[in-house]
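These notes are about the structure you will find just below.
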Amino acid sequence: MPKIIDGNKIREKILSELKSKISKLKQKPGLAIVLVGDNPASQIYVNSKESKCKEMGAYCERYGLPKDVSEMDLLKLIDELNNNPKIHGILVQLPLPKHLDEKLVTNSILPGKDVDGFTPSSLGSLMSGSAIIAPATPRAIIYLIESVTKIEGKHAVVVGRSNIVGKPVAMMLLERNATVTICHSKTKGLENYTKQADILVVACGSPKMIKVDMVKKGAVVIDVGINRTAGNKIVGDVDFDSVKEVASCITPVPGGVGPMTIAMLMDNLLKAVELKK
Ligand code: GUN
C-alpha cells in the first residue's frame, strides 16, 4: 500500500481508460464550459478542463461572458445548451460575480447535463443513496480512499461542510457504511474528533490546520485544501510533513485530490452520455 497516494498516477490510469471508451463512441461527448468574468483562478481551472476534454477526444464549447452579463442572458445561454443535442454536460464555473444568483443559475442546468453534480436534483439524489451524477471532488476523494482501504465500518471524520465537498463526501461515506462525523469552523475541540478518525477528510480552506497531534496513528488522510502561501507555495489544509509520520496513507498537495477532480469530471461527462441514451 502506498503511503503517499499519488493522484497524478491514478488519474493517468483513469484518463487512459476513459479515452479508450470515448474513442469507441459514435458521437463525441460534448462539454460546454461557461466562464463569467476574468477571475484568474477560474481561468486556470477552466483552461485545464477545456484542454483535458479536447485531449480525451471529447467535444468542448467554451463560453467566456463579460463580468457584467445579465442574469437573463446567462440563463438564456444555459437554456440553449440544455436543448443542444451536441452538448451532454454543462459546467458553469463558480464563483459567479455577486450580481448573479449562483443557486438560480446552477439550478437552471438540466439534471441529466449537470456534470458538476451541483443542482438540487443531483444533490438530492445523492442524499437518497441513488446519485444521478455525484460531484467530481467528492468522487475523487472516495476513489482515492478506496484505492488504499475499505470504507465500511470505519470512522470517517470530515472537516468542512461546504455544499460542494464536505456535505456530499460525508453522504457518500455514509452510503458506503462508514460512521461519519462532520466538523466545521464552529466545532469546539476539533482535535477530539479528528483524533478518532480512521479516515480523515479535510476540506476547510485553512493552510496546514491539521497538525500531527490531531491525527490518530494509522489514519488515512485526504487533504482537499489548496492554499497559496505568502511565498507563493501551494499547501494543503494538513501539515503534510509532520502528519505523514503518523498516517498510514496521505494525499500530498499538490498532486493528490486536485489532479483527480478532472478525471472524475470526464467520467461524469460519460455518465451524462449514458443518461441520454
Ligand atoms: N469552482 C471551484 N470548483 C469548482 C467545480 O468543481 N466546478 C465548478 N463549476 N466551479 C468550481
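Does Ile262 meet the test of being assigned to a strand (DSSP E or B) and open to solvent by less than 30 Å² (accessible area, probe 1.4 Å)? So Ile262 fails the test. The set of residues in the range 172-182 being open to solvent by 50 Å² or more (accessible area, probe 1.4 Å) and more than 10 Å from Gly129 (Cβ to Cβ) consists of Arg176, Asn177, Thr179, Ile182.
Each row is one residue, and each column tells you yes or no for (1) free of Cβ contacts under 8 Å to residues at least 12 places away in the same chain; (2) open to solvent by 30 Å² or more (accessible area, probe 1.4 Å); (3) of a type outside the set (A, V, I, L, M).
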| site | (1), (2), (3) |
| --- | --- |
| Ala170 | no, no, no |
| His184 | no, yes, yes |
| Leu200 | no, no, no |
| Ala219 | no, no, no |
| Val224 | no, no, no |
| Lys233 | yes, yes, yes |
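Among the residues making up the range 68-86, those that are under 25 Å from the mean Cα position of the chain (by Cα) and over 20 Å from Glu50 (Cα atoms) are Leu75, Asp79. None of Ser121, Ser108 is open to solvent by 10 Å² or more (accessible area, probe 1.4 Å) and within 14 Å of the ligand (Cβ to nearest atom) except Ser108. Being small (Gly, Ala, Ser), under 30 Å from Cys249 (Cβ atoms) and surrounded by fewer than 19 Cβ atoms within 10 Å (Cβ to Cβ) holds for only one residue in Ser48, Ser42, and it is Ser48.
Put simply, of Gly7, Gly57 the only residue that is under 30 Å from Phe240 (Cβ atoms), open to solvent by less than 80 Å² (accessible area, probe 1.4 Å) and touching a helix residue (DSSP H, G or I) at 6+ places or on another chain (Cβ under 8 Å) is Gly7. Taking the range 265-277 as the range and being at pLDDT 95 or above and surrounded by fewer than 23 Cβ atoms within 10 Å (Cβ to Cβ) as the test, the residues that pass are Asp267, Leu270, Lys271, Val273. Considering the range 56-105, the residues that are among the hydroxyl-bearing types (Ser, Thr, Tyr) and closer than 21 Å to Met266 by Cβ include one that is nearest to the ligand (Cβ to nearest atom), namely Tyr63.
With respect to (1) farther than 21 Å from Met214 by Cα; (2) free of Cβ contacts under 8 Å to residues at least 60 places away in the same chain; (3) crowded, with 21+ Cβ neighbours inside 10 Å, the lone exception for Lys150 is condition (3).
The values are calculated or read from the model by the stated rules, or taken from the named source; none is laboratory data. What you see is a predicted model, and the numbers here were worked out from it, not measured in a lab. Glycine gets a Cβ as well: all are built from the backbone with ideal geometry, and neighbour counts include every protein chain shown. Just so you know, the surface numbers come from the protein's heavy atoms only, side chains and all, with ligands and any DNA or RNA stripped out. Shrake-Rupley method; radii C 1.70, N 1.55, O 1.52, S 1.80 Å.
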